[in-house]
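The next block holds one structure in the form of C-alpha cells; read it before the comments.
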Amino acid sequence: MPKTKLPPKPLNTSAGGHVVTWPNRLTQLAFALALALVFARGTMLESVRDTIDIEFGADAVPRGAGPAAGLVLDLLCCLPALLVLGRRLVDRSFALRLAWSHVAFVALGLCAAASSLWAADRFLALVTGAHVVAAAALLWAVAQLVRSWLRLRLVAGVCFGLLLASLAHGLIYRYVDLPDMQRSWERDRELILKQRGWEPGSFQERQFANKILGGEMIGFHVSPNAFAATIVMLTVVSLGVAMQRFANRDEPAWGGGVLLVSVVSVVMIYWTHSKTAMATLVLAMVALAGLALPRVRSLLAAHARQAYWAGLIVCVLGVLAVAGHGIYHGGLFEGRFGNSLHFRWRYWVAAERMFETRPLLGVGWNNFGNFYTAHRLPEAAEEVRDPHNLLVRAFVELGLVGGALLVAWLARLGWELTRPVVPVASEDDAARPRDPEYSMTAMVLAMSAIAGMGFLINVAASVDLAESVDYAFIEVCKRLLYACLLFAGGIVVVVRSSKRQEMDARPAPWVLYGALIALSTLLLQNLVDISLFEAGPMMAFAFLAGAAGGVRSAAWTEQRAARPVVAAALFAAALAWAAALLFVVVPVINAQNQAQLADVDIRYGRMPLAEARLKEAFRQVPTNADYAFRAARAAIMDGHNPRPDDVRALLDAATAADPSLVKGYLIRAEFERQQPSPDVEAIRTSYDKALALNPADIDVRLRYAAALEELGLREEAAEQYRVALEFNEKLPAEEPERLPVKRVTEIEKKLAELSA
C-alpha cells in the first residue's frame, strides 16, 4: 500500500508569539535560568567577609554564601546573555534589542569592577563590582527574553513567589528562630562574649543585645530597611497582579488571595520598623489608585513625553530642595523622624568631604566605609558602611565618571520604561483554541523546573552541608519550602482560571503598571537607604527592569546585526566569561576553601597549620588583606612558638594590600606593646595611621595614651587623653558611645597627673 503523507506540523506561534524550534529552546533555557537565579539569590544572604574573628575553642558557625559563591552566581547570571547571543547567531529571524539604558548600566558595572585597580580594599571592590556587571548582563538578557504578556506574567509570578518566601522566612524567624536566640543569649551571654572577643558592658555587647532582644528582622538582607524595601517592591508587583485579575473579571479568589498576602506584607514591614518602606508603600498605593482612573491613564498615554520631563523636573527640584534645606539649617529636621534624616545628613556631609579627595574616579566601589570615619563629623558616632543614598554613593565611590553613568542610566531607564508601547494582543483570545504548549501540564513542568533549579542553586550556594546533620536538614527543608512557595506563586499568577487551566496570555497592563511603580519605590527608598546594590535586591531589580523594558521596547530598538558581528560579540563575551572563571573565580574558590579549613584549625588550636593555610590563601588572592591579617592572628595565638618577625611581616603585608585596614594597624601596635623590647616608633606609627583613618575613635585614643604613658612619653600621652575628652564632649548626651561620667573623671585625674 502506498505510504500516506501526513501534512507537516504547523509551527506553534500562539500565546506570546513563540515559535517552537530548537533555537527557541536556547532562549527558553535562558529565561528559565534567569528566573531560577533571581529566586535563588533573592532567598539568600551573600557576604564578602565574616564579621567575627574565629577564636580558639569557639563553637562552629555555619557558612553562608561567601565571595566564592557570589562570584560563581555572577557567572551563572551572565549565562542567559550568552544563550541569547547564541540564539541570534543561529536564528536570523531573532532580532536583538539594544537601548541606551543597557549601555549605561553595562558601563557602570565595568566602572565598578575596574575600581578594584585603585580602591584601598581591592578585593571588596572586585567582588561587589562583579555583582553589578552580572546584574547588567541579566537586565540586558531579560529585556531580550520578555516580549509578550505571558512572559511578563511569569516574571510577576516569580516576584509573587519570592514575596511568599520572604514572608515565610520572616514568620519563621520571628516565631521560631528569634525566641531560641533570645533564650540562648540569656543563658550563655558570657560564653558568647568570650567567643566573640567582646568586653562585658562594651558598645558591641549593647548593640548586639539590642538587636536580639529588640527582634531586629533582616530577612535575607544585611539590614531591616533593605528587607522592608524588597518586600515593598514585590508587594507592589503583586498588587498589580491582583488589579489585573479584577480588571479581567476573573474568579474573585485569584485576586483576593493575592490581596490577602499583601496584608501580611504590611505587617512584616511594620515589624522591620522601616518608616521609609511604609511611606513608599503608601505612595505606591496612591499611584495605583490614580492609574485606576481611565482619565489619568489616557492623559499619561497621550502626553508621555511631557509627563516624563515633569517627573524628572520634580525629582531634580526635590533633591535641590533637600540639599538647600540641609545647607541652610545645618541638618535635616533635627528632633523629628527619630533623627534618622538628620543622621543621614551627617553621612552626606562626610561624603562630600570624601568626594573632594578623589573627585574623578572616587575611592573605589563599596569602599565608602573604609574612609568614612576619616571624614565624619565629630558628633556622628556611627561607623556606617554606606552613605544611605545611591546617588551619593556612586559619586563618592566612582567619582564624577561613575556618578554620571548612574544618573544617565536612571534617566534613560525612566524614559524607556514610560514609552506608551505594549505587545500586540492576540486576535481573539476568547475564541483561541487551547494550545498544548501552554497547557496546565506545560505550566506545571515549567514552574517545577524553575523552582527546582532555584532550590538546587540556593542549597549549593548558601547551605553549609559540612555542618551537623540536624542543621543541614533544617536549612534544606526551609529552602524546599521556599521553592514550593515559588511554585505556588507562579501558578496563582500565570494560570488563567480554574475553568480554563492554561497559561494566561491575555494583555496584562496592570501587571506592567505594578512593575513600573515597584521599581520606582525601590529607587525612592534608596535615596535614604541603600539596598539596590545588595546582590539579591539588585538582581531582582535588574530582572524586573529588564522585563518591563522588554515589554516596552519598540521596533526601533531591534538590531539585526550581521552574523559576523554577532559571532564576534559572542566569542568575546564567552572569552571574557572563561577568563573570569579561570583567573578570578577559581583562585577565590581555592583561597576560600583554605581559609575555611584554617578557621577549623584555629578552633582546635592548630595555629601553625591555620597560619600556613591562610598564607596560601593570601598567595592565591593577594588582594584580600583579610587572609594575611588572619594569618597574623593565628601566629600571635601560637604562644608555644612565638615568631615576632613573621607576625610583623604578615601585618605589613595586610596593610600594604589594604591601606585602610584599621584593625591591622591596631593589632600591630598592641603586638609591639607586648614585646619584651617594644619598638616605640612602630607603636606610634601604627596608632597614628589608625587614628588618621578614624580620628574620632575615643577608645583607640585612650589605648594610644596608655601605650605612650607606658613608654614614658607623658606629654604625648596627656595630649591623647585631652583629645579623647574633646571628642567625647562633642557626642550627643544620649549617644551610647559617650564615656560614662565615672570614666571621664578617671581620665581627667590621669590628665592632671601627667600635666603636673
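Observations, loosely collected:
- Taking the stretch 259-271 as the range and being surrounded by 15 or more Cβ atoms within 10 Å (Cβ to Cβ) and either more than 18 Å from V237 (Cβ to Cβ) or touching a strand residue (DSSP E or B) at 6+ places or on another chain (Cβ under 6 Å) (or both) as the test, only W271 passes.
- Comparison of V90, V106, V127 shows that the only residue that is surrounded by fewer than 24 Cβ atoms within 10 Å (Cβ to Cβ), of a type in the set (V, I, T) and modelled with pLDDT of 95 or more is V106.
- Residue check for V296: surrounded by 14 or more Cβ atoms within 10 Å (Cβ to Cβ) and either more than 20 Å from A229 (Cα to Cα) or more than 30 Å from the chain's Cα centre (by Cα) (or both): no
- Yes/no for T623 being outside any loop (DSSP other than H, G, I, E, B) and within 25 Å of S116 (Cβ to Cβ): no
- Top-ranked residue in the stretch 24-71 [being surrounded by fewer than 19 Cβ atoms within 10 Å (Cβ to Cβ) and assigned to a helix (DSSP H, G or I); ranked as modelled with the lowest pLDDT]: N24
- Applying the criterion of being aliphatic (A, V, I, L, M) and open to solvent by 50 Å² or more (accessible area, probe 1.4 Å) to the residues of the stretch 563-588, the residue that is farthest from A68 (Cα to Cα) is V565.
- Any chance V680 is among the β-branched types (V, I, T) and open to solvent by 20 Å² or more (accessible area, probe 1.4 Å): yes
- Residues of the stretch 632-645 that turn out to be in contact (Cβ under 8 Å) with a residue 24 or more places away in the chain and either aliphatic (A, V, I, L, M) or open to solvent by 60 Å² or more (accessible area, probe 1.4 Å) (or both), as a count: 6
- Some residue of the stretch 693-711 being open to solvent by less than 80 Å² (accessible area, probe 1.4 Å), modelled with pLDDT under 90, more than 38 Å from the chain's Cα centre (by Cα) and of a type in the set (A, V, I, L, M, F, W, C): yes
- Test: residue in the stretch 687-694 that is in contact (Cβ under 8 Å) with a residue 60 or more places away in the chain and assigned to a helix (DSSP H, G or I): yes
- Restricting attention to the stretch 626-667 and to residues that are among the charged types (D, E, K, R) and assigned to a loop (DSSP other than H, G, I, E, B), the residue that is modelled with the highest pLDDT turns out to be D658.
- Some residue of the stretch 741-756 being modelled with pLDDT under 90, open to solvent by less than 80 Å² (accessible area, probe 1.4 Å) and not in a helix (DSSP H, G or I): no
- Count of the stretch 357-397 residues which are farther than 20 Å from L731 by Cβ, touching a residue at least 60 places away in the same chain (Cβ under 8 Å) and among the charged types (D, E, K, R): 3
- Checked against (1) open to solvent by less than 90 Å² (accessible area, probe 1.4 Å); (2) modelled with pLDDT of 90 or more, V319 meets all criteria but (2).
- Number of the exception - R722 against (1) touching a residue at least 40 places away in the same chain (Cβ under 8 Å); (2) closer than 27 Å to R346 by Cα: (1)
Per-residue answers, yes or no, for (1) of a type in the set (V, I, T); (2) within 20 Å of V528 (Cα to Cα); (3) not in a helix (DSSP H, G or I):
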residue: W254; (1), (2), (3): no, no, no
residue: G257; (1), (2), (3): no, no, no
residue: V261; (1), (2), (3): yes, no, no
residue: Y270; (1), (2), (3): no, yes, no
residue: A277; (1), (2), (3): no, yes, no
residue: A289; (1), (2), (3): no, no, no
residue: R295; (1), (2), (3): no, no, no
residue: Y308; (1), (2), (3): no, no, no
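- The set of residues in the stretch 589-603 being open to solvent by 10 Å² or more (accessible area, probe 1.4 Å) and under 17 Å from I52 (Cα atoms) consists of Q592, Q596, L597, V600, R603.
- Some residue of the stretch 337-351 being modelled with pLDDT under 95, open to solvent by 40 Å² or more (accessible area, probe 1.4 Å) and small (G, A, S): yes
- Scan the stretch 523-551 for residues that are over 17 Å from F105 (Cα atoms), open to solvent by less than 10 Å² (accessible area, probe 1.4 Å) and of a type in the set (A, V, I, L, M, F, W, C) and the total you get is 1.
- Annotation: S274 fulfils all but one of (1) open to solvent by less than 80 Å² (accessible area, probe 1.4 Å); (2) under 28 Å from the mean Cα position of the chain (by Cα); (3) modelled with pLDDT of 90 or more; the unmet one is (3).
- Among the candidates V528, V565, the residue that is among the β-branched types (V, I, T) and in a loop (DSSP other than H, G, I, E, B) is uniquely V528.
- Any hit, the stretch 725-738, residues being in a helix (DSSP H, G or I), at pLDDT 90 or above, surrounded by 21 or more Cβ atoms within 10 Å (Cβ to Cβ) and not polar (S, T, N, Q): no
- Just one of the listed residues (L361, L341, L317, L300) is under 20 Å from I530 (Cα atoms) and aliphatic (A, V, I, L, M), and it is L341.
- Meets criteria (of a type outside the set (V, I, T) and either out of contact with any Phe, Trp or Tyr (no Cβ under 9 Å at 6 or more places or on another chain) or at pLDDT below 85 (or both)) for A451: no
- When the residues of the stretch 112-123 are filtered to those that are open to solvent by 20 Å² or more (accessible area, probe 1.4 Å) and not small (G, A, S), the one that is farthest from V401 (Cα to Cα) is R122.
The values are calculated or read from the model by the stated rules, or taken from the named source; none is laboratory data. Keep in mind that this is a model prediction, so the values were computed, not measured. For neighbour counting, all protein chains shown are included, and Cβ atoms are generated from backbone atoms with ideal geometry for every residue, glycine included. Note: areas computed on protein heavy atoms with side chains; ligands, DNA, RNA excluded. Shrake-Rupley method; radii C 1.70, N 1.55, O 1.52, S 1.80 Å.
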